[in-house]
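To keep things clear, I will list the structure first and then write my remarks on it.
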């Protein structure tokens, strides 16, 4: 710790540092307890987070692998419990809540809270959040993209007690669990989270016995004050001013074709920062809305990415003002459906990446891929019990190219980089679904002077399933991952399904699609957007990418203007044709701004006829189509071309 950052600490520097790190360790111990004792494969793969809060509900510490989407909301949850129960909070009480309308995220993120008492005084709270794989509702996994209100999304849990002064409220726990498709796992995860909170209670009591209660309480205050001062000092080193951008959710399925804008304006004034989301679209007729808590979490997570060395707690939150118009896609209110909050969430995060890239260009980063979920639910006919199964799968993808570095490949989403990618061996043991292919995808990285990271493809086959359905929860099929400072986009998301002899592109948004034994499916994630003009990329780096199968010989020329000669393909031996590269780069530079002016319908017709592929459609022409039929989407194309003009073409020489 820099003493100059913390000049008013009430503790000596050694005690301060010992306790600051001890509190983080306590939260990490909670994580170990959750992961080792949970029932759900989703929670086991780290879709959970924990926190230590002070007596007023303010976050003091998070763990080292907690998820961005959760952490920025946990203080709201704690304050909601305090407000609901007031004086009716006692030692050995345990609380449960999943309500997104009081600061949470969505119904699946269910939080357990334990008040921590010492000598009859409430001094802190421990909190464990786990993503429960099913909350009831109209489809397995509880993500019905057709839902317009919460009544199709599952069970809403206001702050309730599941333990009252040491007595288990089993009736309450069963009432909740029996409203889901996997009550045994729900009870198991509830117990795991409860015991994690009790570990934190034990450890804080132990620290209080060693250092004294007043020292612990003082440390809670000092740690938040330290973070606030550190952030404010960092903000004063940045230029004052306002910057704004816009990103998009793909569509409102109940409205005409067109992308849904999320607008973010960032203003830095001395040691404070404001984010104004005025002008963002009203709530839409789908689950892709975000309540205020999720929006706040996206903002602080995006901001924290650019201050990686500063701890995250409520001290950072004090420096931030958020203006989010009510009843908009980024501040939805009851009863609007919000289980798809992560789609607006990641648009906000990437917008903040873009804005901070302006004021902190040394840390600049292009757009990252969008998280996606495939939910498969039905009956497992591999055994006589014919048990109900749910497979809740997500993939890694590529992050954006950076100033001076390529993007990260096959990495968890910015929603929460602590999220693990599920092992297929575990999935196949638990579900009648076989993985046939799981690989990094050549050419998926957005081209740039520093290219984006590489995305993934995953394909599978349904085995002995009965009464089975698919739901797919995704985005960036149309608002394709973009580059900055002249960089180019990645590729669209979406899922293909082949059954009964027919292959069909279902896109990135659908629910409750019947599937049967023998059906095959495949889907992929985007790479990250490119940073900087791809014509400025060192040809030798392009050569290495070709050798590594990150870039094909064809797209090395079409995207980077680098002409590669094949020496021995089997031995991955290639060479750069320098003279041809000079000519190719000159030709692309002369034509590429004109490509963005080509008639979109002509481009779509060329795509339908197979004359050009989807990479050309997006990267050269900025055109958005239905990727299954090739039909032009004119409104989406208009907005996407505007994005490419602003982020890419305006930076080309």
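Of all residues in the stretch 229-275, those that are closer than 30 Å to residue 632 by Cα and under 26 Å from the mean Cα position of the chain (by Cα) total 20. Residue 400 passes every criterion in (1) in a loop (DSSP other than H, G, I, E, B); (2) surrounded by fewer than 24 Cβ atoms within 10 Å (Cβ to Cβ); (3) modelled with pLDDT of 95 or more apart from (2).
Among the candidates 330, 348, the residue that is in a helix (DSSP H, G or I), touching a strand residue (DSSP E or B) at 6+ places or on another chain (Cβ under 8 Å) and in contact (Cβ under 8 Å) with a residue 24 or more places away in the chain is uniquely 348.
With the structure loaded, tell me whether residue 390 is under 22 Å from residue 445 (Cα atoms), in contact with a strand residue (DSSP E or B) (Cβ under 6 Å, 6 or more places away or on another chain) and in contact (Cβ under 8 Å) with a residue 40 or more places away in the chain or whether it fails that test. No: the conditions fail for residue 390.
Taking the options 579, 584, 575, name whichever one is surrounded by fewer than 16 Cβ atoms within 10 Å (Cβ to Cβ), without any contact (Cβ under 8 Å) to a residue 40 or more places away in the chain and part of a helix (DSSP H, G or I). Can you show your working first?
Working: 584 fails: surrounded by fewer than 16 Cβ atoms within 10 Å (Cβ to Cβ); 575 fails: part of a helix (DSSP H, G or I).
Result of the check over 579, 584, 575: 579.
Checked against (1) surrounded by fewer than 23 Cβ atoms within 10 Å (Cβ to Cβ); (2) in a strand (DSSP E or B); (3) more than 16 Å from the chain's Cα centre (by Cα), residue 376 passes all but condition (1).
Assigned by TED's automatic domain parsing to the domain that holds residue 452, within 12 Å of the chain's Cα centre (by Cα) and not in a helix (DSSP H, G or I): which single residue out of 384, 368 fits that description?
368
Among the residues here, residue 260 qualifies as over 28 Å from residue 62 (Cβ atoms) and modelled with pLDDT of 95 or more.
Determine whether the stretch 589-596 contains at least one residue that is surrounded by fewer than 18 Cβ atoms within 10 Å (Cβ to Cβ), closer than 25 Å to residue 494 by Cα and modelled with pLDDT of 95 or more. Checked the stretch 589-596: at least one residue is surrounded by fewer than 18 Cβ atoms within 10 Å (Cβ to Cβ), closer than 25 Å to residue 494 by Cα and modelled with pLDDT of 95 or more.
Restricting attention to the stretch 497-512, which residues are crowded, with 17+ Cβ neighbours inside 10 Å, in contact (Cβ under 8 Å) with a residue 40 or more places away in the chain and under 17 Å from residue 628 (Cβ atoms)? Answer for the stretch 497-512, where residues must be crowded, with 17+ Cβ neighbours inside 10 Å, in contact (Cβ under 8 Å) with a residue 40 or more places away in the chain and under 17 Å from residue 628 (Cβ atoms): 507, 508, 509, 510.
Can you pull out the residues in the stretch 548-570 that are surrounded by fewer than 22 Cβ atoms within 10 Å (Cβ to Cβ) and either part of a strand (DSSP E or B) or in contact with a strand residue (DSSP E or B) (Cβ under 6 Å, 6 or more places away or on another chain) (or both)? Listed by number, the residues that qualify are 553, 565, 566, 567, 568.
Scanning the stretch 604-622 for residues that are crowded, with 22+ Cβ neighbours inside 10 Å and touching a residue at least 24 places away in the same chain (Cβ under 8 Å) yields 604, 618, 619, 621, 622.
The values are calculated or read from the model by the stated rules, or taken from the named source; none is laboratory data. Note that this is a predicted model, so its numbers are computed, not measured. Note that we place each Cβ from the backbone using ideal geometry, even for glycine, and neighbour counts take in every protein chain shown.
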